[in-house]
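Have a look at the structure below before the remarks.
The values are calculated or read from the model by the stated rules, or taken from the named source; none is laboratory data. From a predicted model like this one, the values you see are computed outputs, not experimental measurements. Don't worry about glycine lacking a Cβ; one is built from the backbone with ideal geometry, like all the others, and counts go over all protein chains shown. The accessibility values were calculated without ligands, DNA or RNA, using every heavy atom of the protein model including side chains. Shrake-Rupley method; radii C 1.70, N 1.55, O 1.52, S 1.80 Å.
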Amino acid sequence: LKQDKLSAKTAPTIHSFVPWLGSFFEFCWDAQGFLRKWRFKLGPIYRVHIVGREFVVVSHAEGIAHVMRDPQKSLTNDFNTTILEAAGDIIPQHFDQVLFGKLASLALRTFSNRNVPRLAPVFNRQLLRNFNSFSSSGGRERVSLTNFIGQSLYNSVCMSLWGPHFPIDSFADFQLIDSNISRLLSPMLFPPRKAVQARKSLKAELGKYLQRASFGDKDEVEEDVYGATEIVEIIRSSNLPSSDQQGVFLGFMFALHSNSIRMSTWFMTYLLCDTSVWARLRDEVDLAIGTEFESLEALLSAPPHRIGGDTLPLLDSALKEALRLSVAAVLMRRVTQNCELPVNDIDSVKVTEGEYIFANGCAINMEDDVFEDACSFRVDRFLKNESHKSAPVSAFGGGAHMCKGRDFAMYEMKMFAILCLKLLDISIENPDGSSAEGQSPKADYVYPTPVFFPKELFVRIQKRRDSTA
Ligand code: HEM
């Protein structure tokens, strides 16, 4: 087939007159609009210059699948590594690929559906504790939605993985790093002082934890904590200097929390902004507890495969829909040797060593000719088995580098939503105090990470009034 192809062409380029930054501002202003505009103007594959890097944007299903499969073995995912280096402040030459490979394959095991039941008891218990503290003002105080979700998930995940010695009060530092990741990645652009300081102090905390954690001491800790002792052991037994061990740990923490918190924030925003969606899902959860599950406790201890399609089909569909809508650009790859990307069955485009490829999931997930009324959140879209022109591009990527924490991430997001629906009344507000009900969630500042940053909204949280749960 390849021989039949016309000779490979060069992809068209978006010209920008801004040196080094290139199309950065236009992209950040409205990333989805930017990607759509240029796809219609230049076709499914084009080049763009953003912050000192040349990206080849791929926007068609065949091309994205090709990038994920990488049949010519000519692409590397080291952009992901660059993000982890920036998060953990690791000098690139010190980044230990072998160690990261070990951690990634261990993550696949630790976060698999088979292992989730080990993590679930502490995770759920801690989540409930956080809900109690966030609802203690009875809705009088308002909190940022990202803080509510971020703090709750960060605490619960850390406790279930790393045990009670872990410094869970470090969330504020983590959040500063996460929200400044684009500036940490491009330090030439005024280093973000607070984020740099936060990274330093979180690394120091992680250093103390790595020194202190003793995992054999059953008298000191409950048996069901420490879901990920092996991960800590591998970092500790590496030959890296302690600052790099802390950096690797922080990089891993970034992979663990960053996308889950952001994606969960999108998911909850979709549910909270539409009161009819919230009411339908609440009815489903109420009904399931009592029929599918004997009690809330039974649901909390159910294996992950029971919390989904058959028992809570609308919630399952809602999460799939939020994942479809919240994917920014799933994959980033660097070309390691010149190769070709298919444009269609006949044409292909040359890409050159050193260029970055950016697989634009929005071009599939957000297009009306693929999904009817594609930009709207339709809670039952995946319930009715509607036929779509293509499956959505997965938020978790695909191929050899597909997300290793996807099972646990799905569990986290579902459990968080279920417990909110069952136990809390939450109202959602814009920063100016007006109600955000009826609004469509919007993306804020954007960088090529797998999930867009949602715009800041606030919530008032109180215990559910019409429930005895
Ligand atoms: C909703 C939450 C999450 C989303 C949307 C997400 C998405 C992704 C994506 C798109 C990739 C890159 C795939 C690629 O480059 O081909 C990735 C990689 C990865 N993710 Fe996640 N992720 C999430 C949660 C998690 C969690 C909870 C963990 C647990 C540690 C995790 C661990 C990893 C690891 C280790 C990799 C690197 C895989 C490799 O290079 O082989 N992720 N994730």
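Assess whether residue 416 counts as being near the ligand (Cβ under 9 Å from one of its atoms) and closer than 23 Å to residue 453 by Cα. Spelling it out, it is not the case that residue 416 is near the ligand (Cβ under 9 Å from one of its atoms) and closer than 23 Å to residue 453 by Cα.
Scanning region 55-105 for residues that are of a type in the set (S, T, N, Q) and not in a loop (DSSP other than H, G, I, E, B) gives 76, 80, 81, 82, 93, 97, 105. Of all the numbered requirements in (1) at pLDDT 95 or above; (2) within 22 Å of residue 121 (Cα to Cα); (3) touching a helix residue (DSSP H, G or I) at 6+ places or on another chain (Cβ under 6 Å); (4) open to solvent by 10 Å² or more (accessible area, probe 1.4 Å), residue 278 misses one, and that requirement is (2). Residue count for region 334-372, restricted to those that are part of a strand (DSSP E or B), open to solvent by 20 Å² or more (accessible area, probe 1.4 Å) and not hydroxyl-bearing (Ser, Thr, Tyr): 3. Restricting 118, 114 to residues that are open to solvent by 50 Å² or more (accessible area, probe 1.4 Å), more than 29 Å from residue 442 (Cβ to Cβ) and assigned to a loop (DSSP other than H, G, I, E, B) narrows the list to 114. State yes or no: is residue 382 modelled with pLDDT under 95 and near the ligand (Cβ under 7 Å from one of its atoms)? The answer is no for residue 382.
Scanning region 242-259 for residues that are open to solvent by less than 10 Å² (accessible area, probe 1.4 Å) and closer than 14 Å to residue 395 by Cβ gives a single hit, 258. Criterion first (more than 17 Å from residue 120 (Cβ to Cβ) and modelled with pLDDT of 95 or more) does residue 424 satisfy it? Yes.
Selection of first residues in region 396-416 that are part of a loop (DSSP other than H, G, I, E, B) and of second residues that are of a type in the set (S, T, N, Q) and open to solvent by 50 Å² or more (accessible area, probe 1.4 Å), restricted to Cβ pairs under 6 Å at least 6 apart or on distinct chains, gives an empty result. Candidates are the residues of region 301-312 that are of a type outside the set (S, T, N, Q) and surrounded by fewer than 19 Cβ atoms within 10 Å (Cβ to Cβ); the one that is nearest to the ligand (Cβ to nearest atom) is 308. Here the condition is being touching a residue at least 24 places away in the same chain (Cβ under 8 Å) and open to solvent by 30 Å² or more (accessible area, probe 1.4 Å); of 72, 93, 151, it holds for 72 alone. Of note, residue 59 does not satisfy the criterion of being modelled with pLDDT under 95, touching a Ser or Thr at 6+ places or on another chain (Cβ under 9 Å) and open to solvent by less than 30 Å² (accessible area, probe 1.4 Å).
If the condition is being farther than 19 Å from residue 260 by Cβ and out of contact with any Ser or Thr (no Cβ under 8 Å at 6 or more places or on another chain), then region 90-113 contributes 90, 91, 93, 94, 98, 101, 102, 105.
Just checking, which of 331, 325, 315, 272 is open to solvent by less than 20 Å² (accessible area, probe 1.4 Å), within 16 Å of the ligand (Cβ to nearest atom) and at pLDDT 95 or above? Criteria check complete, one pass: 315.
All conditions in (1) out of contact with any helix residue (DSSP H, G or I) (no Cβ under 7 Å at 6 or more places or on another chain); (2) open to solvent by 40 Å² or more (accessible area, probe 1.4 Å); (3) of a type outside the set (Asp, Glu) hold for residue 298, with the sole exception of (2). Restricting region 27-62 to residues that are in contact (Cβ under 8 Å) with a residue 60 or more places away in the chain and small (Gly, Ala, Ser), the residue that is farthest from the ligand (Cβ to nearest atom) is 43. The residues of region 387-404 that are more than 7 Å from the ligand (Cβ to nearest atom), open to solvent by 40 Å² or more (accessible area, probe 1.4 Å) and not hydroxyl-bearing (Ser, Thr, Tyr), listed by number, are 388, 389, 391, 392.
The set of residues in region 75-100 that are under 21 Å from the mean Cα position of the chain (by Cα) and either within 15 Å of residue 253 (Cα to Cα) or more than 13 Å from the ligand (Cβ to nearest atom) (or both) comprises 80, 81, 82, 83, 84, 85, 86, 87, 88, 89, 100. State yes or no: is residue 65 open to solvent by 30 Å² or more (accessible area, probe 1.4 Å) and within 15 Å of the ligand (Cβ to nearest atom)? So residue 65 fits the description; yes. The set of residues from region 321-357 being under 21 Å from the mean Cα position of the chain (by Cα) and either of a type in the set (Gly, Ala, Ser) or within 21 Å of residue 422 (Cβ to Cβ) (or both) comprises 321, 322, 326, 328, 329.
Is it true that some residue in region 65-75 is among the hydrophobic types (A, V, I, L, M, F, W, C), at pLDDT below 90 and out of contact with any strand residue (DSSP E or B) (no Cβ under 6 Å at 6 or more places or on another chain)? Taking every residue of region 65-75 in turn, none turns out to be among the hydrophobic types (A, V, I, L, M, F, W, C), at pLDDT below 90 and out of contact with any strand residue (DSSP E or B) (no Cβ under 6 Å at 6 or more places or on another chain).
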